[in-house]
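One structure below.
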Amino acid sequence: MTKPKIIGLTGSIGMGKSTVAAMFAEAGIPVFDADAEVRAMQGAGGELVPAIEAAFPGSTGAHGVDRDRLGHQVFADKEALHRLEAIVHPAVAAKRAAFLEAHHDKRAVVFDIPLLFERGGHESVDTIVVVSAPEAVQRARVLARPGMTEQKFDHIFGLQLHDTEKRARADHVIDTGTSLAETARQVAALIASF
């Protein structure tokens, strides 16, 4: 039995990774969105809510995990962040395995994983696609998001491997610092090469 080619899609915050993931999906390549899975498991009735509340009292409510309250508990505490990751990462890995099983007959699938390099996920994919844009474009995109501040951006930026390093380790780079049409052309050309 053949298995699909696993494309690891990554890119730092604000680089346009979600846009590129949507382009893969529109082309018929199934996409596993790690962030969306986490949001679902942490939402109202989500399977991770009880464990997160037990580990971080007061971080959940009727709508599931309160990201702001949880963020205040783990924002500057590496040990707390590791405890949270120990709850979340195995659950995401199980969802990813189920996704791969469900799409075992496809020629390719995309694993959309923001921290692909930072968490070692690059070792379990066949090819790595990094979505990249100039730093000024990245900063402007992120700071335009509701509730984003310079401090939050700088903290997130500091947790992620620098874009230069990601590009150096990529098998393919998609430039999103250009028009949507040009980005789509790059994605289509990449898909055609598989």
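The values are calculated or read from the model by the stated rules, or taken from the named source; none is laboratory data. From a predicted model like this one, the values you see are computed outputs, not experimental measurements. Using ideal geometry, Cβ is built from the backbone for each residue, glycine included, and neighbour counts are taken over all protein chains shown.
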**Study point:** Qualifying residue in the stretch 77-88 (condition: among the hydrophobic types (A, V, I, L, M, F, W, C) and either part of a loop (DSSP other than H, G, I, E, B) or more than 21 Å from the chain's Cα centre (by Cα) (or both))
**Key:** no
Check your understanding: Listed residues E123, E118, E53, E135; which is within 22 Å of F32 (Cα to Cα) and either small (G, A, S) or surrounded by 13 or more Cβ atoms within 10 Å (Cβ to Cβ) (or both)?
Key -> E118
Practice item. Collect the residues in the stretch 9-24 that are of a type outside the set (A, V, I, L, M), on the phi < 0 side of the Ramachandran plot and at pLDDT below 90, keeping them in residue-number order. Key: S12
Check your understanding: Within the bounds of the stretch 139-162, is there any residue that is buried (at least 17 other Cβ atoms within 10 Å of the Cβ), among the hydroxyl-bearing types (S, T, Y) and either outside the structural domain of T60 (by TED's automatic domain parsing) or over 23 Å from V38 (Cβ atoms) (or both)?
Key -> no
Practice item. Please go through the stretch 114-137 and pick out each residue that is within 17 Å of L190 (Cβ to Cβ), in a loop (DSSP other than H, G, I, E, B) and within 13 Å of the chain's Cα centre (by Cα). Key: L116
Practice item. List every residue pair whose Cβ atoms lie under 6 Å apart, where the two residues are 6 or more positions apart in sequence or sit on different chains, the first residue falls within the stretch 108-131 and is under 19 Å from M15 (Cα atoms), and the second residue, located anywhere, is modelled with pLDDT of 85 or more and among the aromatic types (F, W, Y). Key: V110/F24; F111/F32
Study note, to complete from the structure: Reported set for the stretch 156-194 where residues are assigned to a helix (DSSP H, G or I), closer than 19 Å to A140 by Cα and of a type outside the set (A, V, I, L, M) is F157, G158, D163, T164, T183
